[in-house]
Each structure stands twice: as C-alpha cells, then as structure tokens.
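Beneath this line is the structure, given in structure tokens, with notes to follow.
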Amino acid sequence: MEFSVKSGSPEKQRSACVVVGVFEPRRLSSVAEQLDKVSGGYLSNILRRGDLEGKAGQTLLLHNVPNILSERVLLVGCGKERELDERQYRKIIAKTISTLNDTGAMEAVCFLSELHVKGRDTYWKVRYAVEAAHEQLYTFDSLKSHREEPRRPLRKLIFNVPTRRELPVGEKAVSHGLAVARGIHTCKDAANMPPNICTPSYLAEQAEKLAEQYSNVTVERVTEAQMEELGMNAYLAVSRGSHNPAVMTLMHYQGGKTDDAPIVLIGKGLTFDSGGISIKPSDGMDEMKYDMGGAAGVLGAMHSLLELQLPVNVIGVLAGCENMPDGNAYRPGDIIRSMSGQTIEVLNTDAEGRMVLCDTLTYVERFNPETVVDVATLTGACVIALGPHATGLMSNHNPLAHELLNASEQSGDRAWRLPIWDEYQSLIDSPFADMQNIGGRPAGTITAACFLSRFAKKFHWAHLDIAGTAWRGGKDKGATGRPVPMLTQFLLGRANSETD
Ligand code: BES
Ligand code: MN
Ligand code: ZN
C-alpha cells in the first residue's frame, strides 16, 4: 500500500473518498464542518436524523454529497472530543482502514490525522496511522490453498496535515511508519510460521534473505560444531534432544563509524519449546512455536533499521534452537559448564531460554558492545504479572532502562520495569553448582533475569520479557510484531543523539 501527505481543503479533494471525523454526540469536526458548509448542510442534516451518534469506531459512508468533488465521504465516529487519546485514535484508524478496505474506494484522503490527540503531534499521528493501516491489512495465509483476496482493496492513503509547513514532518512520519511496519511484517511472518518449517536454519535463511536485499548488512551462521569449540555447552544442552540442529545467526549492520562500539540485540529463538524432559502439558502446546518470538522481533527490528539506514552499528543475534524430549536430551539434575565457566544445575529442562541466552551473552562479549538488549519469551510468570499489555523490562543500568521505557512510550509498544535487586539472587543458589536454572514460583520473571544478569557483567544490559506480548492466543491468534516498534524507536533515539 502507498502512503503520502498533503495539505489541502476537504471539499477540493478529487478522490474516491474523503475521511472526516464526527464527535459524540453528533458534532461535526472542523473539517467535517467545512464539507457541511459547501454541501448546504448535507452532513448536519444526516446527523440530525440520528444516523450517526459519533461513538468511537462508528462509520457512515455517503455517496454523491452535493458540491463535493470526491465520490464518497466517510464519516468516522471519534467519540467525545475531550476524551480523544491514543487508544481512541488507534481504534478510529483501525476501523477506518477496515471500512475503506470493504468499500470500492481504492484510494482515500484522510483528515483524521488533523484531529487533536492528547499529547501527540502531527508526526506521531501520521506515523501511527501508517502502522495501524498495516496492522489492519496483515494476514498470514501463505499456507492456505485458497487465499481470499479483497475485491477492490485500498491501495493508496493520503494523510492531510493542517499546514504546508507540516508537510516535511508528515513525510518523515510516513517513511518511519513504513519502516516500522515492514519490520513488524517480517517479525510476524517468521513468528507465525509453523515449527516444522520455521527451524533454527529457517531463521538463518530469513536473515540471509534480508542481506540479499540490503547492502550494508552481512550474515554469519555459528553452527553446533563451532559452538562446541567455543564451549557453549548450556546452549548445546538444550539442542541435544532435537533433530533440527541449533544455529546462532549473526547480522552485522554497519551504519556508524567503523570503531563505534556496537549495540547488540539478542533474540531467544526457540523454534519449538516442548519443555524437553520436563515436558509441558499438551493443552495449547502449539503456541510454543512462538517461543522464537524474540528472534523474530530482532529480525524485524533489523529490517526496520535497514529501511531507515540509521547511522549506528548494530549486531542482531538470532539464538535459534529447539527444545525436545529424546534419549539424548539434557535432563533435570545435569550440571553443565557454560561458556563463561560458571556451572549450572538443571532443575527443569523447560527453563531452557536462559540456558541458550546465557551462552549467547557470553559469546557477544567479543564485540565489546556498548549496549546489549536481549528479547525473549522467557517466563510464563511474566504473563501472570503483566498480562498481554506490557513487556517486562529489567536492566543493570538505569539510564538504559529509562531510554527503553521512553522508546516504548513514544512507540505505543508498552513496557514496565521490574527490579532485579541482589536480594533475589539467592533464590537461584545451588548446593552443587554455581547456580541452578530455576528459582521456584515466587518472582519467576525476576529470577530468570537474575540468572541472565550473571552473564551480562561486562556491558550495559537490558532484558525484555515478551512472553505476554509477542503473540495473541484465542480466536484471532497470531504474532503481534512486538517489540519491533520499541526496538526501532530505541535505535531512532540512538541515531538522533549521534547526529545532534
Ligand atoms: N517459553 C517458556 C515461557 C512461556 C510460557 C512463554 C508460556 C509464554 C507462555 C519458557 O521456556 C518456560 O517454559 N519457562 C518456564 C520456566 C519455569 C520452568 C521456571 C515457565 O515459565 O513455566
Ligand atoms: Mn520452556
Ligand atoms: Zn521457552
């Protein structure tokens, strides 16, 4: 789909459709008022008759409005004007896109980007609308025999901004929105792919595909044989029960100066997590194909970054692996020496994410990173704590935590910080090894992060637990594309401080 911005008056648009807002109760927005005037009170008449209350998400499609050059006018309910916040705006835009997609209009000029949304500027409103449009239009149907194509899908959406002076900022918003949307798309496609197709090597292939499309990224695979050489025994222990070999994929993006220390993004890439010998209950086990959501998020953020070509150095790491029960699988009771030299007593083979990530954290020390952010569907406890709305954020460096929280706030991809105080560390003390891989039921998300923190001493580090946010279960199940918006925003922020 194509997006652009312009600055004009609604009655002068020669388009298949103009989209304007109506507030509750039955009040025209100022743009709608302009149309009303030109059309001799056509719109206010309709409202008076009670056809549209103006509740958020209501719509009314009109044809042949007198003296209006466009073929259609779409009235969109925006709720109470004083209550128009981000959530409401999101709902309105989503409804607008789906309505437009169902009508015959293949192109529209949207004036909703001129609405006053609490605390948000034109850049945000346009960018958010671009992302929301893509969100509405996404489907994962590549494995269906018969795909349903909309008859006359929406092809072009033009956002109107109040003044010509705001055109450049509108254009920037469109290009940033598109970059984020592409990253989200890549993330969702990878995450939704079933585990018989999406294996650790498949993740590597997706990274290699990106490298074919963009010039300043190179992809490297670390194989099981190489991991063995390096002593990545914790990572390999998890993989031992699977016939699909583990692959750790590295994506090197050079946008900054050669000697700038890189930002490293690590994604947990469990292409299926059965739990291993500590096997999970079978109910809903299919959802554990999403246990590579962290890797998908990093892949998606790398795609956004490649679109944006930001002046920063970033290394994306997809820690691909599969956790299966087998005669050769690792077992509860095993003590494993990690790449760092620290020993781990395995008490539950289902706490496998931290086993894979701890060696990955040690591996990336070689890049002398400025910052490391790992992203993982790490704990069911995080779903219990924060539900589907916020990603769990933990960090050993306050400024980094605040930077990420800001990025999440700005992008609408919410996160909430949890503490990793030293007091929690004793919960993973082991009588026989340096640590054990579980800490029991209390503070499960925090003890998992405490485990990882023991391998993240050499750099500023943050951990994002996306167990509750990476995918939706139930009727409209599917990957959400999170935390691509937050990560991309974080990188945009870093790039800005570079050029300031
Ligand atoms: N991938 C799961 C975490 C998970 C569970 C994410 C449900 C989303 C929904 C992880 O590998 C796991 O199994 N964690 C265990 C840890 C426990 C054994 C300490 C969990 O959360 O139950
Ligand atoms: Mn598990
Ligand atoms: Zn897992």
Fill in the blank from the handout: Scanning region 478-500 residue by residue, the ones that are at pLDDT below 95 and either outside any helix (DSSP H, G or I) or within 16 Å of residue 138 (Cα to Cα) (or both) total 1
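Restricting to region 325-353, name every residue that is touching a strand residue (DSSP E or B) at 6+ places or on another chain (Cβ under 8 Å), within 12 Å of ligand 3 (Cβ to nearest atom) and open to solvent by 10 Å² or more (accessible area, probe 1.4 Å).
Scanning region 325-353 gives a single hit, 350.
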Problem - Leading residue by the ranking (nearest to residue 129 (Cα to Cα)) among those in region 390-415 that are touching a residue at least 24 places away in the same chain (Cβ under 8 Å) and among the acidic types (Asp, Glu) - result: 413
Practice task
Would you check if there is a residue in region 299-306 being in contact (Cβ under 8 Å) with a residue 40 or more places away in the chain, within 14 Å of ligand 3 (Cβ to nearest atom) and either assigned by TED's automatic domain parsing to the domain that holds residue 466 or open to solvent by less than 50 Å² (accessible area, probe 1.4 Å) (or both)?
Solution key: no
Practice task
May I ask you to verify whether residue 378 is under 26 Å from residue 223 (Cα atoms), open to solvent by 20 Å² or more (accessible area, probe 1.4 Å) and among the hydrophobic types (A, V, I, L, M, F, W, C)?
Solution key: yes
Practice task
With respect to residue 400, determine if the residue is surrounded by 20 or more Cβ atoms within 10 Å (Cβ to Cβ), more than 14 Å from ligand 1 (Cβ to nearest atom) and either aromatic (Phe, Trp, Tyr) or assigned by TED's automatic domain parsing to the domain that holds residue 317 (or both).
Solution key: yes
Practice task
Any residue in region 330-352 that's in the same structural domain as residue 366 (by TED's automatic domain parsing) and away from ligand 2 (no atom under 12 Å from the Cβ): show its pairings with residues that are open to solvent by 50 Å² or more (accessible area, probe 1.4 Å) and assigned to a strand (DSSP E or B) at Cβ separation under 6 Å, as long as the two are six or more apart or on different chains.
Solution key: 343/335; 343/337; 345/335
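Please find, within region 248-289, the residue that is nearest to ligand 3 (Cβ to nearest atom) out of those that are of a type in the set (A, V, I, L, M, F, W, C), within 16 Å of residue 354 (Cα to Cα) and in contact with a helix residue (DSSP H, G or I) (Cβ under 8 Å, 6 or more places away or on another chain).
Looking at the filtered set, the residue picked out is 270.
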Handout entry: Residue check for residue 287: at pLDDT 95 or above, within 16 Å of ligand 1 (Cβ to nearest atom), open to solvent by 30 Å² or more (accessible area, probe 1.4 Å) and not β-branched (Val, Ile, Thr)
Key = yes
Exercise for the section: Would you check which residues across region 229-247 are polar (S, T, N, Q) and touching a helix residue (DSSP H, G or I) at 6+ places or on another chain (Cβ under 8 Å) and list them? Expected result: 233, 239, 244
Exercise for the section: Could you please let me know if residue 72 is crowded, with 18+ Cβ neighbours inside 10 Å, free of Cβ contacts under 8 Å to residues at least 60 places away in the same chain and at negative phi? Expected result: yes
Exercise for the section: Please give the number of the condition residue 113 fails out of (1) in contact (Cβ under 8 Å) with a residue 24 or more places away in the chain; (2) of a type outside the set (A, V, I, L, M); (3) surrounded by fewer than 18 Cβ atoms within 10 Å (Cβ to Cβ). Expected result: (3)
Handout entry: Every residue from region 178-222 that is open to solvent by 60 Å² or more (accessible area, probe 1.4 Å), assigned to a loop (DSSP other than H, G, I, E, B) and polar (S, T, N, Q)
Key = 196, 215
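Kindly indicate whether residue 439 is on the phi > 0 side of the Ramachandran plot, of a type outside the set (Ser, Thr, Tyr) and either more than 16 Å from ligand 2 (Cβ to nearest atom) or assigned by TED's automatic domain parsing to the domain that holds residue 362 (or both).
Details: on the phi > 0 side of the Ramachandran plot: no; of a type outside the set (Ser, Thr, Tyr): yes; either more than 16 Å from ligand 2 (Cβ to nearest atom) or assigned by TED's automatic domain parsing to the domain that holds residue 362 (or both): yes.
Here the answer is no, as residue 439 does not meet what is asked.
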Practice task
Select, from 89, 42, 123, the only residue that is over 16 Å from residue 22 (Cα atoms), in the same structural domain as residue 24 (by TED's automatic domain parsing) and of a type in the set (Phe, Trp, Tyr).
Solution key: 123
Exercise for the section: Mind telling me which of the residues 174, 264 ends up being part of a helix (DSSP H, G or I), in contact (Cβ under 8 Å) with a residue 40 or more places away in the chain, under 30 Å from residue 311 (Cα atoms) and away from ligand 1 (no atom under 16 Å from the Cβ)? Expected result: 174
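The values are calculated or read from the model by the stated rules, or taken from the named source; none is laboratory data. Not measured: the values here are computed from a predicted model. Cβ: placed from backbone, ideal geometry, glycine included. Neighbour counts: every protein chain shown. The protein model used for the area step is the full one, side chains on, heavy atoms only, and it has no ligands, DNA or RNA in it. Shrake-Rupley method; radii C 1.70, N 1.55, O 1.52, S 1.80 Å.
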